[in-house]
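Asks: Have a look at the structure that comes next, please.
FYI, it's all coordinate maths here, none of it is from the lab. Predicted, not measured: the structure shown is a model, and the values here were computed from it. Cβ sites come from the backbone with ideal geometry, for glycine too, and all protein chains shown count toward neighbours.
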Amino acid sequence: MTDSRPAHGAEASPLGAPAAYRNTYAPELLFPVPRAAKRAELGLGATLPFVGEDLWNAYEVSWLDPRGKPVVAMGEFRVPAVSPWLIESKSLKLYLNSFNATRFGAMGEVEARIAHDLIAVAGAPVVVRLFGLDAVPRHVTTLPGSLIDHLDVEISDYTPAPQHLRADAAQAVVSETLVSHLLKSNCLVTGQPDWATLYVRYRGAPIDRAGLLRYIVSFREHNEFHEQCVERIFVDLQTRCAPQSLAVWARYTRRGGLDINPYRASQPGDLPPNSGDPRQ
C-alpha cells in the first residue's frame, strides 16, 4: 500500500516553534518524520542490516474519568525500527497533553486509542502499555557491562569520526558489552543537547576501547535525532569492526516528560529490559 502522506522533513515539525497548548484529544498533533532520508546518508536502502525498536517511556500521561476526576499514568510505547516513519518527540508530547481534559471510561480505552494513533503515524504496529503509578514495572539500574569512560585518552573530534573505530582481527574472538555515559548529541532541529548512556554488545574481534570512546565523544556537536544517532553508530561499528553479531542501545535522558531508548541489533533476540538509567 502506498503512503499518501507528504514527505515532510524534520524542519517542518513543531520543534522549535511556538505551539498552542491543547487539552482535548487531538491526534492530528502527531508529526511523522520519514526515516528513509537519514538512512540513505548511511547507504541503507529498503533492506536493513538491523532489527530493533524505539522504546519510549512517557511520564506525564493523564486524562479524566467519566465523572471528571483526573487519572495519571505512565506509558511505554515500542515503535519497530522497520516502521517507515519515526515520531517527532515534541509532537508526541503535545498529543499526550491533549488527553488532559478528555474523558475516557477506562485505562484500556486510552491505551487502545494511543495505539491506534501511533500505528497510523508510524506506519507499522506499535505496542502501547499504560501503567498506574502503583504498578509501574520499571526500575532504575545500570545494566552489566565494562565501563570505558575511565580511559585516559586525548580527544579532539566532536563531530562523528568513525576512523577511530578498529578491531584487532589477530586476537581471539570475544563476547562483551562496552558501556559509556559520555554520549551527547544535539537535536536535529533545535540544537538542544541530548544525553545518553550507550551500550555496545558484540561478538567478534576485540574492539579497541580507546578508539570506541573517542568515537562516542565525537558525537558531541552532532545534530541528529536519537534514533538516527543509534543507527549511525550501528552502521559505523559494523563497517569498521565487522563483528559477528552486534547490538547498540542508547538510553537517553528524558525531555518534556519523555525518554527515547533506540535499540538496533544484527539479529533478532531478547530485547533489553526497560529499566531506567540513573539519569532517567
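Asks: Antiparallel DSSP bridges in the chain: what percent, to the nearest 5?
Replies: 90
Asks: Residue separation times 0.36 nm, minus the C-alpha to C-alpha distance between residue 152 and residue 270: what's the value?
Replies: Once the chain is fully extended between residue 152 and residue 270, it gains 39.1 nm.
Asks: Another question, then. Let's see if you can work this out: charge +1 on each Lys and Arg Cβ, -1 on each Asp and Glu Cβ, no other charges. What is the dipole magnitude of the stretch 10-131 about its Cα centre, in debye to the nearest 20?
Replies: 180
Asks: By how many nm would the segment from residue 65 to residue 244 grow when fully extended, if each residue of separation counts as 0.36 nm and the alpha-carbon distance is taken off?
Replies: 59.3 nm
Asks: Shifting gears a bit: Connecting C-alpha atoms closer than 10 Å in a GNM of the chain, tell me which of 22, 264, 214 has the biggest fluctuation.
Replies: Of 22, 264, 214, the Gaussian network model singles out 22 as fluctuating most.
Asks: If you don't mind, another one. Equivalent ellipsoid semi-axes for the chain, as square roots of 5 times the alpha carbon gyration tensor eigenvalues: give them largest first, rounded to whole Å.
Replies: 35, 20, 17
Asks: Extending each Cα 7 Å along its Cβ direction at residue 175 and residue 253, get the distance between those two points in nm, one decimal.
Replies: Going from the residue 175 label point to the residue 253 one covers 3.4 nm.
Asks: Cut-off is 10 Å between beta-carbons; in what order do 114, 155 appear when sorted fewest neighbours first?
Replies: 155, 114
Asks: Order these by the 10 Å Cβ neighbour count, fewest first: 187, 229.
Replies: So the ranking, lowest neighbour count to highest, is 187, 229.
Asks: Could I ask something else about it? Can you sort 198, 42 by how many other beta carbons sit within 10 Å, fewest first?
Replies: The most exposed by this proxy come first: 42, 198.
Asks: Now a separate question. Which residue, 192, 238, 228, tops the fluctuation ranking in a GNM of the chain built on C-alpha contacts under 10 Å?
Replies: Of 192, 238, 228, the most mobile in the Gaussian network model is 192.
Asks: Let me ask another. Could you tell me which residue out of 173, 77, 192 lies farthest along the dipole of the chain toward its positive end? Charges go on the beta carbon: Lys and Arg +1, Asp and Glu -1, centred on the Cα centre.
Replies: The Cα lying farthest towards the positive end belongs to 77.
Asks: I'd like the distance between the alpha-carbon centres of the stretch 138-169 and the stretch 182-225, rounded to an integer number of Å.
Replies: 7
Asks: Still on this model: Have a look at 260, 144, 68 and report the one farthest towards the positive end of the charge dipole of the chain, computed about the Cα centre with Cβ charges (Lys/Arg +1, Asp/Glu -1).
Replies: Farthest towards the positive end: 68.
Asks: Another question, then. Which net charge results for the neighbourhood of residue 235, defined as the other residues with beta-carbon distances under 15 angstrom from its beta-carbon, given Lys and Arg at +1 and Asp and Glu at -1?
Replies: After counting each charged neighbour, the total is +1.
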